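Only one structure is covered here, and it is reproduced in the block below.
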Amino acid sequence: MAHDSYVSPFSARYASPEMQFIFSEDNKFKTWRRLWISLAKAEQRQGLPITDAQIAEMEAHAGEINYADAEAQEKKTRHDVMSHVYAFGLQCPLAKPIIHLGATSCYVGDNTDIIVMKQGLELLRGKALKVIQQLRDFAVQYKAVPALAYTHMQPAQPTTVGKRATLWMNELVMDIEEIDHRLSTLALLGSKGTTGTQASFVELLADGDKIDQIERDIAADFGFKNVVPVSGQTYSRKVDFQVLSALSGVAQSASKFSYDLRLLQSFKEMEEPFEKGQIGSSAMAYKRNPMRSERISALSRYVMVDQLNAAMTAGTQWFERTLDDSANRRIAVAEAFLAVDGILNLYMNVTGGLVVYEKGVRARLFRRAAGRIALHDEEFGATRLAGRAVGELSRQAQLADGLRPHCRANTSMLMPGASGLSRSRSTSSWVIRIEAYPSRVICLPTLLTLRCSRRARMVPGEILSR
């Protein structure tokens, strides 16, 4: 690889070979040739004087792009499509008169863009499904591991490690639904001519039904059910915005996951995989930085902002078409796909090796939640604050579990009626028994289980009153 000129990080660091091929020149120009062959076949079926020999010659050279000829011609003409028509004609002298017959540049340009976006969406869909599968397995594995939940970034009611993972899953499921909608509604431009009137095809065929059939045949060749019903020279650039919006959705979901995991890693509750030989910091060898999650955050911001490129382009097109969309789209659309591909590659890697430190999760739960428990008797309307008692007993439970206690021993904190620290036989959980109400039990690891013949329930937070 050359080191004396700029190389896109998407190619060198982030995007997969599969996605890079989808947006490669090879895939682009080979698709152009497939479109020219499809057009010739469809026109032949509708009676235009195109021979089987001409089509066979085109098919024989469809995968042999003579780049040098095209590049030399483009320097003269400053027109990429006509340069490749010229280069294809050099290889196919018999077919040269009918290559690109009746079409305009957007016939190959725009149709290829739609085909490439479809290929990209299908690749991303598979990767997003893989992440969902890995998160599903993780959620099932840790569905009963209690953890402290947060609202407003303040300690709230408990959740479980697995339950939190379902939040990440659900957002990706929404993204899959959006991608599926885009895939099901993507339509080729078809062969609309220079201003969308199909005037050149009317001149060639003078039959609207035949022209419509040509478009249907081309769409079928590339796996599409429809072509756009109306257009100027191009398909509406709102399509690019809609596709990039779906990609932005994936980036939003991944970004939330990455920020959550970075916070959890700072809490010592969870951690992204840390490979053997990996260096966390050049100056602080003890550090285990969440570098992959941070990279997800960075790339996600890029995609969310890149969506605006498509919005601005769609909103600034004039009449049937202006060319100020072209240079922007070459960068914005391709890099959105390459970035989301990189995001999902990282997302798959991280979710395939997530580490949970259960002792750390429990310690934080005890430390933050044990002092905020109110016992509420629904039948009599009486409210009892047992937080301090639970705090001291949870300290004893942490010592027994080999954890660092969150508070010093203080037997005066044991309020009358709160005692009886023991381990549950059925769940191996520490429990507190409330002597005044022998049937009441608080399960420390979950802080969720409270049993009482008087239909009592446990409420984390402020003292409750009716």
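Overview of results
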{"item": "Karplus (6.51, -1.76, 1.60) ³J(HN,Hα), θ = phi - 60°, over segment 189-195, in Hz, Gly and Pro reported as x", "result": "5, x, 10, 9, x, 6, 10"}
{"item": "Computed over segment 211-363: relative contact order in percent, which uses C-alpha pairs under 8 Å that are six or more apart", "result": "33"}
{"item": "Accessible surface, segment 89-128, averaged per residue in Å² (probe 1.4 Å)", "result": "30"}
{"item": "Under 5 Å, built H, 5+ apart or other chain: amide partners of Ala147", "result": "Thr159, Thr160, Val161"}
{"item": "Protection-proxy order for peptides 338-348, 313-323, each taking the mean of Cβ atoms within 10 Å per residue, highest first", "result": "338-348, 313-323"}
{"item": "Ranked by how many other beta carbons lie within 10 Å on average, peptides 41-47, 235-241 from highest", "result": "235-241, 41-47"}
{"item": "Table column - 3J(HN,Hα) (Hz), segment 59-68, Karplus curve with 6.51, -1.76, 1.60, x for Gly and Pro", "result": "5, 5, 10, 4, x, 10, 7, 8, 4, 4"}
{"item": "Accessible area (Å², per residue) of segment 41-84, counting only protein heavy atoms and a probe of 1.4 Å", "result": "58"}
{"item": "Hz values of 3J(HN,Hα) by residue in segment 206-211 - Karplus curve (6.51, -1.76, 1.60), Gly and Pro given as x", "result": "6, 8, x, 5, 5, 5"}
{"item": "Net charge contributed by nearby residues that have their C-beta within less than 14 Å of Thr51 (K/R +1, D/E -1)", "result": "-1"}
{"item": "Fraction of accessible area attributable to carbon and sulfur, segment 224-279 (%, probe 1.4 Å)", "result": "56"}
{"item": "Relative contact order for segment 89-206, counting Cα pairs under 8 Å that sit 6 or more residues apart, in percent", "result": "32"}
{"item": "Relative contact order of segment 45-94, pairs being alpha-carbon contacts under 8 Å that are 6 or more residues apart, as %", "result": "42"}
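The values are calculated or read from the model by the stated rules, or taken from the named source; none is laboratory data. What you are looking at is a predicted structure, and each value in this text was computed from that prediction instead of being measured. So basically every Cβ, Gly included, is an ideal-geometry build from the backbone, and we count neighbours across all protein chains shown. Please note that ligands, DNA and RNA were not included when accessible areas were found on the heavy atoms of the full protein model with its side chains. Shrake-Rupley method; radii C 1.70, N 1.55, O 1.52, S 1.80 Å.
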